[in-house]
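Have a look at the structure below, then the notes.
The values are calculated or read from the model by the stated rules, or taken from the named source; none is laboratory data. All of these numbers come straight from a predicted model, not from anything done at the bench. Here the Cβ positions follow ideal geometry from the backbone for every residue, glycine too, while neighbour counts run over all protein chains shown.
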Amino acid sequence: MIEIFNAVSNIAVHIEKDIFNGLSDEFFDVNITDEKLHSKIYAKCTEIIENEFEKVKSVKCALSKDKKQMCTINPNGKYIIAYVSIDNVELLDVDYSLGTILCVYENEISPKNIKAAAYITYGPTFQMVFATANEGVKFFSYEGEKFVQKESFRLSSSGKINSTGGNIAQWTSEHKGLMQSFFDDGYRLRFSDSLSLDTHQILFKRGGIYSNPATNENPNGTLELVFEAYPISFIVELAGGASVDGKYRILDIESLNVHHKSPLYFGSLNEIQRVKSTFGA
């Protein structure tokens, strides 16, 4: 797993340098549309990620959220890397921190086969979280041209952050009532619409709740299990928190395919118990 960790570290440095620390001239063109610019950024990040994993013999193939096409890297490897190359690239225009999310599956994609998960936050907050079942959640900050390990995250039983997404007009009555109850109890709204950054905020503040709920428009939520909900849930649980779709533990839900979406609630244990009570679990 050390080779995969090193690959993730190298990916972080390359993307921070090439994308966030001053886009190169090829990305700056007054005639380019946002759509084409974003496509170029996705392509560049995908190239960086796959080039780094090509150096790791234990990695069999890689699968990006953008393309959903399995890319064979080393046929004799055993790990499948599922990743989000850039988490909500649209926020790049307003100088938000964004991130990369990665999940390492052994032999086949299933929550039972996750061996590691990681996310990277770029821009003003250039940091990395890498988690394995054996060593728990490790937090690194980039200092002096290298990643330096910091104190590991551990969630408190309760927090004060309420990070909720979705179109408020489309919220269900259950979710609306639940969110209002948190605000009535003094929780602060902290939401960026970047899953990696919102996760980092919950972990860094040692507690609270994140939610990407089922809505009337999107009854299955908008986050995909394989690329987003599984890796983030893996990290959160190892940090002492919990993650559910409202009723059921995310890591007990088997993905039907790579497009499978789910509502997602994660955070401190007390907050998630309130979620489960609201939805009748």
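Any residue at all in segment 185-195 that is assigned by TED's automatic domain parsing to the domain that holds Asn270, surrounded by 19 or more Cβ atoms within 10 Å (Cβ to Cβ) and of a type in the set (D, E, K, R)?
Within segment 185-195, none of the residues are assigned by TED's automatic domain parsing to the domain that holds Asn270, surrounded by 19 or more Cβ atoms within 10 Å (Cβ to Cβ) and of a type in the set (D, E, K, R).
Can you name the number of the only condition in (1) in a loop (DSSP other than H, G, I, E, B); (2) not assigned by TED's automatic domain parsing to the domain that holds Thr215 that Ala116 fails?
Only one criterion in (1) in a loop (DSSP other than H, G, I, E, B); (2) not assigned by TED's automatic domain parsing to the domain that holds Thr215 is unmet by Ala116, namely (1).
Residues to consider are Asn88, Asn76, Asn107, Asn31; find the one that is farther than 20 Å from Tyr119 by Cβ, out of contact with any Gly (no Cβ under 6 Å at 6 or more places or on another chain) and modelled with pLDDT under 90.
On the way: Asn88 fails: farther than 20 Å from Tyr119 by Cβ; Asn76 fails: modelled with pLDDT under 90; Asn107 fails: modelled with pLDDT under 90.
Only one candidate qualifies: Asn31.
Kindly indicate whether any position in segment 58-66 is without any contact (Cβ under 8 Å) to a residue 40 or more places away in the chain, in contact with a Gly (Cβ under 8 Å, 6 or more places away or on another chain), buried (at least 20 other Cβ atoms within 10 Å of the Cβ) and more than 13 Å from Val226 (Cβ to Cβ).
Yes: one or more hits.
Looking at this structure, is Met128 out of contact with any Lys or Arg (no Cβ under 7 Å at 6 or more places or on another chain), over 16 Å from Ala7 (Cα atoms) and at pLDDT 85 or above? Can you show your working first?
Values: out of contact with any Lys or Arg (no Cβ under 7 Å at 6 or more places or on another chain): yes; over 16 Å from Ala7 (Cα atoms): no; at pLDDT 85 or above: yes.
Judged against the criteria, Met128 is not a match.
Give the number of residues within segment 168-204 that are in contact (Cβ under 8 Å) with a residue 12 or more places away in the chain and more than 20 Å from the chain's Cα centre (by Cα). Spell out the reasoning first.
Residues of segment 168-204 that are in contact (Cβ under 8 Å) with a residue 12 or more places away in the chain, as a first pass: 170-172, 174-175, 177-179, 181-183, 186-204.
Still in the running and more than 20 Å from the chain's Cα centre (by Cα): 170-172, 174-175, 177-179, 181-183, 186-188.
Total meeting the criteria: 14.
I need the full set of residues from segment 205-248 which are over 22 Å from Ser110 (Cα atoms) and either free of Cβ contacts under 8 Å to residues at least 40 places away in the same chain or not polar (S, T, N, Q) (or both), in order please.
Kept after step one, since they are over 22 Å from Ser110 (Cα atoms), are these residues of segment 205-248: 205-211, 213-219.
Listed by number, the residues that qualify are Lys205, Arg206, Gly207, Gly208, Ile209, Tyr210, Pro213, Ala214, Glu217, Pro219.
Just wondering, is there one or more residues in segment 135-144 that are farther than 30 Å from Met70 by Cα, touching a helix residue (DSSP H, G or I) at 6+ places or on another chain (Cβ under 8 Å), touching a residue at least 40 places away in the same chain (Cβ under 8 Å) and assigned by TED's automatic domain parsing to the domain that holds Glu16?
The first filter runs over segment 135-144 and keeps only residues farther than 30 Å from Met70 by Cα, leaving 141-144.
When the remaining residues are screened for being touching a helix residue (DSSP H, G or I) at 6+ places or on another chain (Cβ under 8 Å), the result is 142.
Those still in the list that are touching a residue at least 40 places away in the same chain (Cβ under 8 Å) too: 142.
Filter once more, keeping what is assigned by TED's automatic domain parsing to the domain that holds Glu16: 142.
The answer is yes, given that some residue of segment 135-144 is farther than 30 Å from Met70 by Cα, touching a helix residue (DSSP H, G or I) at 6+ places or on another chain (Cβ under 8 Å), touching a residue at least 40 places away in the same chain (Cβ under 8 Å) and assigned by TED's automatic domain parsing to the domain that holds Glu16.
Based on this model, can you work out whether Phe204 counts as hydrophobic (A, V, I, L, M, F, W, C) and either within 18 Å of Lys247 (Cβ to Cβ) or in contact with a Ser or Thr (Cβ under 8 Å, 6 or more places away or on another chain) (or both)? Can you show your working first?
Details: hydrophobic (A, V, I, L, M, F, W, C): yes; either within 18 Å of Lys247 (Cβ to Cβ) or in contact with a Ser or Thr (Cβ under 8 Å, 6 or more places away or on another chain) (or both): no.
So Phe204 fails the test.
Answer yes or no as to whether Ile101 is farther than 17 Å from Leu195 by Cα, touching a strand residue (DSSP E or B) at 6+ places or on another chain (Cβ under 9 Å), outside the structural domain of Ile253 (by TED's automatic domain parsing) and modelled with pLDDT of 95 or more.
Numbers: farther than 17 Å from Leu195 by Cα: no; touching a strand residue (DSSP E or B) at 6+ places or on another chain (Cβ under 9 Å): yes; outside the structural domain of Ile253 (by TED's automatic domain parsing): yes; modelled with pLDDT of 95 or more: yes.
Taking the combined requirement at face value, the residue does not satisfy it.
Test Ala242 against the stated conditions and say whether it is in contact with an Asp or Glu (Cβ under 9 Å, 6 or more places away or on another chain), over 22 Å from Gln201 (Cβ atoms) and small (Gly, Ala, Ser).
Numbers: in contact with an Asp or Glu (Cβ under 9 Å, 6 or more places away or on another chain): yes; over 22 Å from Gln201 (Cβ atoms): no; small (Gly, Ala, Ser): yes.
So Ala242 does not fit the description; no.
In segment 121-172, which strands (runs of 3 or more DSSP E) lie fully inside it and hold 2 or more residues that are crowded, with 18+ Cβ neighbours inside 10 Å?
127-132, 136-143, 161-164
I'd like the full set of residues that are surrounded by 23 or more Cβ atoms within 10 Å (Cβ to Cβ) and part of a strand (DSSP E or B), limited to segment 244-272.
Val244, Ser262, Leu264, Tyr265, Phe266, Gly267
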